[in-house]
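The next block holds one structure in the form of structure tokens; read it before the comments.
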Amino acid sequence: MSARGNFSNKMGFILAAAGSAVGLGNIWGFPYEVGQGGGAAFVVIYLIFCFILCFPVMVTEIAIGRKTQKNAVGAFNDLGLKKWNFVGKLGIFSGVLILSFYNVIAGWAFGYIFEMVAGNFAIADQFGTYIKDVVKVGSYGLVFMGVTAYVVSKGVSGGIEKAAKLLMPTLIIMMLIVAGYAMTLPNAIDGLKFYLIPDFTKITASVVYNAMGQAFFSLSLGMGALITYGSYVNKSDNIVSSAALITLTDVGIALLAGLMIFPLIGFMSGGTMEGAGRGPGLIFVTLPQIFGTIGGGLGIMTGTLFFVLLCFAALTSTVSLLEVPISYVVDELKIKRTRAAWMVALTIFVIGIPSLIGNGYSEFFSTAFTTYKDGGKDTDFLSFVSALANDTILPLGGCLIAFFAAHIWKKHNLDEELAQGAPSYKGSFVQKYLNFAIGYFAPIVLAIVFVLTVLFKFFGIQIF
Ligand code: PHE
């Protein structure tokens with residue numbers, strides 16, 4: 001064990017990194033993006049991005065982290081390439097932005113535990129009022145941020161690993177059961193069709209950009225979260241196979257979330273799939289309904305357990321989001337971990353206040369804040385920040401990280417790191433693909449997507 005602490009074994013790292021990846025992005029974000037993106041066509045594009053583009057970026061982040069044993073900024077300094085540490089700084093910036101709005105949603109989910117305990121399935125219809133009660137949902141958010149700060153203050157191998165080990169498998173089982181039940185409902189088949197049979201005419205520019213943002217967000221990529229976690233990985237672990245397992249777990253859980261939600265929407269809409277494009281409120285409206293149809297004590301039990309597990313999944317993600325700035329502050333600015341965790345968490349909570357009150361409570365932050373060029377409609381602060389961070393900065397970060405690793409740090413150094421703990425890596429097909437993807441494919445595609453997304457989303461200019 002080094003002075004900074006290590007994950008106790010390979011499984012520990014995979015669980016913690018999968019814990020970072022699996023969260024609200026899978027269960028809250030993925031279904032609503034699919035719903036807005038026209039169904040299965042979005043799913044197909046998302047899957048392609050995850051495997052051919054994001055996977056190589058994930059491998060690169062973990063390798064940089066393990067090589068340097070440093071935080072997202074320190075890693076670049078350590079490689080002697082200080083000029084590039086702006087990539088890490090950009091990552092910290094986007095991590096702060098993401099956590100600021102992510103915690104708001106986590107607060108909503110946390111409050112739902114109590115609604116389920118009370119058997120209040122009708123919350124589905126009152127969701128709009130629920131999120132407007134900013135003192136209530138804000139307090140839930142504050143508690144959630146506090147728990148995150150507490151876990152981070154205890155350090156990486158203590159809290160993060162243990163929580164992930166127990167809860168992830170439980171979550172998967174629970175989701176399988178709920179999905180299985182949803183499929184027995186009338187008109188579930190219409191939901192499945194919407195979700196699984198692609199209609200490629202639905203692919204528009206914004207579907208492609210959103211799928212890219214969703215892939216990065218869901219896999220926790222492009223902001224140094226996995227550089228930071230990679231810094232705690234043992235030299236004897238196989239990075240490529242770990243990354244493959246993390247990607248598969250994350251994608252698998254997102255797909256499973258869709259299998260819960262879409263059959264249910266099929267049922268609720270009588271097969272028309274109306275409401276699928278509702279947006280960020282989607283799971284908060286649909287899920288209570290499924291527990292309501294189960295009804296009685298069993299409905300209360302499953303509903304409560306589900307939101308408890310969702311909150312734990314969100315917690316392992318918020319912990320990784322907070323860990324990025326904290327490991328920077330602890331390593332580079334030499335501030336004590338506990339103090340840093342509480343101070344930074346509180347600051348991020350404050351930064352999140354416009355996202356909290358921009359859901360109906362404050363007119364300004366709900367609509368008037370900015371006119372989103374994407375479709376020309378007004379947007380709320382939370383959607384704006386998430387478009388800025390997830391769809392824009394993360395792909396840019398991924399582009400820079402891949403370019404950096406292949407051309408500045410150099411491919412052979414990256415290969416050397418990846419070969420440690422992976423005896424058959426050198427000369428394999430995987431090595432050839434990763435070299436191509438990290439060196440050319442990912443930087444080029446991501447740079448193009450970044451430019452197009454900025455033009456489209458923030459300036460209303462559509463080239464394709
Ligand atoms: N991947 C997490 C989720 O899907 C969110 C996250 C993004 C965590 C970026 C860390 C870094 O919920």
For the chain, give the magnitude of the charge dipole about the Cα centre (Cβ charges: +1 Lys/Arg, -1 Asp/Glu; no others), in debye to the nearest 20. 1280 debye
Along each of its three principal axes, how wide is the spread of alpha-carbon positions in the chain, in whole angstrom units, largest first? 58, 48, 43
How large is the helix-only mean residue ellipticity at 222 nm for the chain, computed as the sum of -39500 (n - 2.57) over DSSP H runs with n ≥ 4, divided by its residue count, in deg cm²/dmol to the nearest 500? -21500 deg cm²/dmol
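Could you give the length gained by full extension between I351 and V454, i.e. 0.36 nm per residue of separation minus their alpha carbon distance, to one decimal place? Numbers along the way, then the final one.
Numbers: separation 103, 0.36 × 103 = 37.08 nm, distance 2.28 nm.
My answer for the length gained is 34.8 nm.
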Placed amide H near D378: partners under 5 Å, 5+ positions off or other chain: Y372
Table column - 3J(HN,Hα) (Hz), the stretch 35-43, Karplus curve with 6.51, -1.76, 1.60, x for Gly and Pro: x, 7, x, x, x, 4, 4, 4, 4
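Report the chymotrypsin sites (Phe, Trp or Tyr not before Pro) located in the stretch 18-48 that are in a DSSP loop and have at most 15 other Cβ atoms inside 10 Å of their Cβ, or state none.
Answer by residue number: there is no such site.
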Taking 0.36 nm per residue of separation between S241 and I172 and subtracting their Cα-Cα distance, the length gained on full extension comes to 22.7 nm
Distance (nanometres) between label positions extended 7 Å along Cα→Cβ at S139 and I48: 4.9 nm
Positive end of the charge dipole of the chain (Lys, Arg +1 and Asp, Glu -1 on Cβ, about the Cα centre): tell me which of F459, T272, V329 has its Cα farthest that way. V329
Summed over the other residues with a beta carbon less than 12 angstrom from that of Y46, with K and R at +1 and D and E at -1, the charge totals -2
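I'd like the FRET efficiency for I444 and T201, computed as 1/(1 + (r/R0)^6) with the beta carbon distance as r and R0 of 22 Å, rounded to 0.05. Write down the numbers at each step before the final one.
Numbers: r = 27 Å, r/R0 = 1.23.
Calculated value: 0.20.
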With a ≥ b ≥ c from the Cα gyration tensor eigenvalues, square-rooted, and the rule rounded for a/c under 1.5, otherwise prolate when a/b > b/c and oblate otherwise, the stretch 127-187 is oblate
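If we sort 427-434, 338-345 on the protection proxy, mean other Cβ atoms within 10 Å, highest first, what's the order? Can you show the working numbers first?
Values: 427-434: 14.2, 338-345: 19.1.
Sorting 427-434, 338-345 by mean packing, highest first, produces 338-345, 427-434.
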Within the stretch 101-129, backbone nitrogen closer than 20 Å to the virtual label 7 Å beyond the Cα of T367 toward Cβ: 126-129
Residue-ordered couplings for the stretch 340-347, obtained by feeding phi - 60° into the Karplus form 6.51 cos²θ - 1.76 cosθ + 1.60 and rounding to whole Hz (Gly and Pro as x), are 4, 4, 5, 5, 5, 4, 5, 4
Using unit Cβ charges (K, R positive; D, E negative) and no other charged atoms, how large, in debye to the nearest 20, is the dipole of the stretch 306-464 about its Cα centre? 320 debye
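So between I461 and S428, what do we pick up on full extension, going 0.36 nm a residue minus the alpha carbon distance?
Numbers: separation 33, 0.36 × 33 = 11.88 nm, distance 4.26 nm.
Taking I461 through S428 to full extension adds about 7.6 nm, to one decimal.
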In whole Hz, what ³J(HN,Hα) sequence does the stretch 214-224 give by Karplus (6.51, -1.76, 1.60; θ = phi - 60°), x for Gly and Pro? 4, 4, 5, 4, 5, 8, 6, 10, x, 9, x
Compute the signed sum of charges (Lys and Arg +1, Asp and Glu -1) over the other residues within less than 13 Å, Cβ to Cβ, of S317. -2
Check the straight Cα-Cα distances from K336 and name the lysines below 26 Å, setting aside those fewer than 8 residues away within the same chain. K67, K70, K82, K89, K154, K162
State, in angstrom, two size descriptors of the stretch 186-323 derived from its alpha carbons: Rg to one decimal place and Dmax to the nearest whole number. 18.0, 54
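Since every read-out is calculated from the coordinates, none of them should be taken as a lab result. This is a predicted model, so every value here is computed, not measured. Because the Cβ atoms are built from the backbone with ideal geometry, glycine has one as well, and the counts that use them run over all protein chains shown.
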